[in-house]
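Any read-out appearing in this document is the output of simple, stated calculations on the displayed coordinates, not a laboratory observation. All of these numbers come straight from a predicted model, not from anything done at the bench. Every residue, glycine among them, receives a Cβ derived from its backbone with ideal geometry; neighbour counts consider all protein chains shown.
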Amino acid sequence: MNPNTSLPLPLNQIAFSVIDLRRTEAWWREGLGFLPAGGNRLLFRGPLISAIQNVPGAAMTCWCLLGRNDWSQIEMFQYESPTSKLLPTDFKPNDIGYTRCGVWVADFDSALARLARLDTRPLAPPIGSLGQRRVCVRNPDGVYVELMEADPLPAQNRLGRQDCPVALRYVSMSTPDMARSLAFLVDGLGLAELDTQLHDDAHEALWGLAGAQCTRRVLGGPSLLLEVVEYQQPRGQPWRQGYRVCDQGILNICFGDPLNRHGVNAMHQRALKAGARANSRPIHTLRAGCVYANDPLGFSYEFMWAAPGRGHRNYGFSVLPVNRRPLPDNQRAGSSLVINAPAAELFQLVNDNAALSRWSGLGRFAQIATPSGAACGVGGERSVATPLGTLREQITAWQPGHCVRYRIVGSRLMRNHQGLISLAPETGGTRVTWIIRFRCGIPGLGGLLRRVMQGKLEKALAGLQQYQASHPKQH
């Protein structure tokens, strides 16, 4: 038995696999008010983390965020290896897996205004009267996030970090079998089923499932709840073929002991007796430890602990300045130019492979066939033949006439490469801005590579300006 923390351990973490750590972290922090905590890069690579997550060759950067809850955190991983598969564009909250989470916000209107400045808007009009309003948005990784004006855990609202205007309150799992999920969570892990409901049928319209028929149960606590939902109509898609926890979206949930390893060992044993399969044995260090396990339906769980003081600081349970965290990328190059043409026309030129090959000076671009068949939009891919080899670009965000985000996949020279081409109306035409971020795979050459790429981007935008002037309105 755990002499310090009674079982079951409290639900204390939602983990996310993200595509662009900087962008996603800013969304939670600047948009909703979460506080920066610790991060790590050195420990999250190599055989040990690969065994814990059952992801061969895993290498990633981890950042954490905190809300009002004392012992709850958002954990975000940007994988350098292997490449995270993008969330399907047709992903819905009734698909099997961890699909949705909810936060209480102190100022509902202010939170929506901040999110709007980050190009995030509600999926549907808010539901509820003043003081009880709810709305749903999607974060940069496509995860459904509900904002609640009334805290579903009002007693917990008076605890924790009172200067923080937001609290993480629940995570939802869409299960194919409610009875089996409850058997594992309640009978196996010992979670209490609560006599409360976070949602009713009317709330399904918030995330685009108006008229859905489902059963719901709420478990866990005290400050973070688990909502288990089984959709009878419409039925959700099963686990994606070849799915791994490193793929984009909610990775897993965690139950944590804020004092020592005893609770982790005990809860891990309970999970195994209930039919879970562990990825490895529990891994313990002097100040922290964890183990991942998968239940009989394929849901991933973590059981972790961290010692008070340095353990809490090192593993993201204490507020720390943003600049105390390791960077997924450490080089940045960019250029910006006003071009006398409408944004829609320039957006087409930026995404026309034949034209791009002529004006950019970066190489020869060609479309790559993808399983979805997408030629453009999120998931679209193209190759770039350069003197140093062929690169593979994948679109990660797509807003016609406004911006396109992409990443370079599989490059050993420019790791964690993120690109953004944005277009904004301005006097005299449209301001086109092209920014890239990356980490050089060859130690000592990062600065040189950055200067080379800076020059190439400046020449590319000058080439776009010249090409558009000589080929007006052909696209």
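Worth a mention:
- Karplus 3J(HN,Hα) series, Hz, for the range 296-301 with 6.51 cos²θ - 1.76 cosθ + 1.60 (x for Gly, Pro): x, 9, x, 7, 8, 10
- Against the empirical curve 2.2 N^0.38 Å, the C-alpha radius of gyration of the range 107-204 lands at a ratio of 1.26.
- Approximate spin-label separation Ala202-Leu130, in nm, with each point projected 7 Å along Cα-to-Cβ: 1.8
- Distance between modelled label sites at Gln399 and Arg277, nm, 7 Å Cα→Cβ extension: 4.2
- Mean Cα-pair separation over length for the range 23-73, i.e. relative contact order, pairs under 8 Å, 6 or more apart, %: 37
- Full extension of the chain segment joining Arg451 with Arg324 gains 43.1 nm, where the gain is 0.36 nm per residue of separation less the Cα-Cα distance.
- Label positions at Asp70 and Leu123, each projected 7 Å from the Cα along the C-beta direction, are separated by 3.4 nm.
- In order through the range 426-437: 3J(HN,Hα) via Karplus (6.51 cos²θ - 1.76 cosθ + 1.60), integer Hz, x for Gly, Pro: 8, 3, x, x, 10, 7, 9, 10, 10, 10, 10, 10
- Relative compactness, the chain, computed as alpha-carbon Rg over 2.2 N^0.38 Å: 1.02
- The range 62-143 - Debye-derived log10 I(q)/I(0), Cα point model, q = 0.12, 0.19, 0.20 Å⁻¹: -0.48, -1.16, -1.25
- Within-13-Å neighbourhood charge of Ile127 [Cβ basis; K, R +1; D, E -1]: -3
- Value in Å of the Kirkwood radius, where the range 327-371 supplies the Cα pairs that are averaged: 13.1
- Cα shape, the range 228-372, gyration tensor, a/c 1.5 rule: oblate
- With N the number of residues in the range 331-470, Rg(Cα) / (2.2 N^0.38 Å) evaluates to 1.01.
- The range 11-324, relative contact order in percent, only Cα pairs under 8 angstrom and at least six apart counted: 24
- From the alpha carbon centroid of the range 257-311 to that of the range 29-74 is 16 Å.
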